[in-house]
Amino acid sequence: MKIQPLEDRVLIKPMEEKEKKQGSIIIPETAKEKPQMGTIEAVGTDEELQKIVKAGDKVIYGKYSGTEIELNGINYLIIQKADLLGVLKD
């Protein structure tokens, strides 16, 4: 199953947060910071948005942005164009 975002939205796969171990302290998943970078998996139908980003681009987005969904066991975010803060360039 695939998802095609509509209008000015993008489908993002958040980057996996690298686990930090500090002694024997265990940090529960709910207390961990969510990543604010990810890879665009699909771009909506907005022509202006399609000129700015494309699938495969790595982006930075707002901390509390988007709607979380799970598809085929993988977590994704659907985010509006206004919540995209920047594109990471090499």
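Some values worked out for this structure:
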{"item": "Residues satisfying the stated conditions in region 75-85, i.e. more than 12 Å from G38 (Cβ to Cβ) and part of a strand (DSSP E or B)", "result": "Q80"}
{"item": "Residues satisfying the stated conditions in region 55-74, i.e. surrounded by 12 or more Cβ atoms within 10 Å (Cβ to Cβ), within 10 Å of the chain's Cα centre (by Cα) and outside any loop (DSSP other than H, G, I, E, B)", "result": "K58, V59, I60, Y61"}
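Table: residues versus (1) modelled with pLDDT of 90 or more; (2) of a type in the set (S, T, Y).
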{"residue": "K21", "(1), (2)": "no, no"}
{"residue": "E33", "(1), (2)": "no, no"}
{"residue": "I40", "(1), (2)": "yes, no"}
{"residue": "V43", "(1), (2)": "yes, no"}
{"residue": "Q50", "(1), (2)": "yes, no"}
{"residue": "Y61", "(1), (2)": "yes, yes"}
{"residue": "E68", "(1), (2)": "yes, no"}
{"residue": "L77", "(1), (2)": "yes, no"}
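The values are calculated or read from the model by the stated rules, or taken from the named source; none is laboratory data. Values in this document were obtained by computation on a predicted structure and should not be read as measured data. Cβ atoms come from the backbone with ideal geometry, glycine included; neighbour counts cover every protein chain shown.
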